[in-house]
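What follows is a set of notes on a single structure, which appears directly below.
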Amino acid sequence: MNKPWLSIIIPTYNGEKYLAAALDSVVAQQDSDIECVIVDDGSTDSSFSIVETYRDKLNLELVKRSRVGNWVANTNYGLSVASGEYACFLHQDDIWLPNRLKTMQRAIALYPQANFYLHSALFIDESGDRLGIWQCPLPALQLIEPNKMVAKLLVQNFIAIPAPIFKRQLALDLGSMDEQLWYTADWDFWLKLASVSQSVYAAEPLAAFRVHADSQTIRRSSSIEDFRQQMRLVVSKYLSSTEDNRAAVEKVAWFSTEVNTTLAAMVHGKSANLWGLLSNFATLGPLGWHRYWQDSRIQERVAARLKAKLQTSN
């Protein structure tokens with residue numbers, strides 16, 4: 001096979017519940033010029049046998065590693081052994097929607113000078129039913145300059161894991177993902193790419209992010225203080241990239257980290273200082289309120305998770 005245009009990095013661990021749906025969504029793209037690099041973290045379920053059933057449907061490379069418990073390290077390894085000009089991530093519990101690759105190839109053809117392409121996504125539940133849309137507060141199908149992109153992305157990680165496509169060599173040159181960031185590695189990585197490259201956004205939802213009790217998003221946020229520190233570390237790292245917008249962005253970004261920490265504490269049944277949060281919100285003022293509401297996409301994130309919780313309790 002010739003060098004594929006796209007490498008799909010799929011870190012797996014005991015993924016038998018959803019893995020077939022993820023791979024089926026790739027097969028449905030009907031693109032033979034791609035490769036799937038599956039990096040397994042020592043699965044003990046039927047994940048391997050599921051992967052083997054796709055050998056005649058996809059160009060697959062299965063890498064079996066001993067259990068290390070670090071999806072970031074496994075993702076980085078997949079990036080390093082892949083061969084595509086572009087790369088993207090697909091977690092075992094997420095899926096692509098129809099025509100994702102065709103739509104993104106059109107965006108790349110329109111703006112080949114960019115290095116970072118992304119789209120909106122859907123939230124789905126355990127059964128694959130729609131919970132809501134997850135949009136990005138970005139202009140569609142035009143070049144977005146690094147300082148503009150970073151100023152918005154610093155307020156909140158509004159990018160679903162399966163949404164971006166990026167130049168693989170650029171990712172490697174930038175050091176790939178930070179393996180010390182067990183919660184914010186993806187956010188840090190998107191900011192790393194966006195801060196040195198023009199970005200392009202397609203508004204159509206082309207992937208789905210699954211909300212369920214065993215997701216990494218839930219499990220990784222259980223250590224609340226570590227969670228807060230990792231979020232603050234990312235904000236501190238990229239504030240200088242916002243240039244003239246720094247004063248306006250900084251206060252809202254710090255507030256957003258506290259909102260996310262508070263929500264994580266509530267999810268795990270821990271105490272939260274809601275009065276302090278409301279007091280901080282008041283100090284943002286009308287422009288800060290607007291920036292937070294627009295760029296955090298909090299209404300979409302919270303609504304989808306509340307809907308999932310209500311469905312589970314019924």
Please give the peptides 266-274, 202-210, 189-197, 157-165 ranked by average Cβ packing (other Cβ atoms within 10 Å per residue), highest first, as a rough proxy for protection.
157-165, 189-197, 202-210, 266-274
Taking all protein chains as present, what is the carbon and sulfur share of the accessible area of region 1-110, in % to the nearest whole number, probe 1.4 Å?
47 percent
Listed by chain and number, the aspartates and glutamates with an alpha carbon less than 15 angstrom from that of K309, same-chain partners under 8 positions apart left out, are D125, E126, D129, D214, E300
Compute for region 101-234: radius of gyration divided by Kirkwood radius, i.e. Rg/Rh, restricted to C-alpha atoms, rounded to two decimals.
0.96
Evaluate Rg over Rh across region 162-314, taking Cα atoms for both radii and Kirkwood's formula for Rh.
0.96
For the chain, what does the accessible surface come to per residue with a 1.4 Å probe? Please give it in Å².
44 Å²
Say R0 is 30 Å: what FRET efficiency, to the nearest 0.05, do L284 and L170 get from their beta-carbon distance?
0.30
Please report the projected area of region 70-117's Cα convex hull averaged over all directions, in nm².
4.2 nm²
With 22 Å as the cut-off, how large is the P(r) tail for region 215-301, expressed as percent of Cα-Cα pairs?
28 percent
Cα extents of region 41-176 along the three principal axes, largest first (Å):
44, 38, 30
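The values are calculated or read from the model by the stated rules, or taken from the named source; none is laboratory data. The model shown is predicted, which means the values in this text are computed figures rather than measured ones. Because the Cβ atoms are built from the backbone with ideal geometry, glycine has one as well, and the counts that use them run over all protein chains shown. These accessible areas exclude ligands, DNA and RNA; they are computed on the full protein's heavy atoms, side chains included. Shrake-Rupley method; radii C 1.70, N 1.55, O 1.52, S 1.80 Å.
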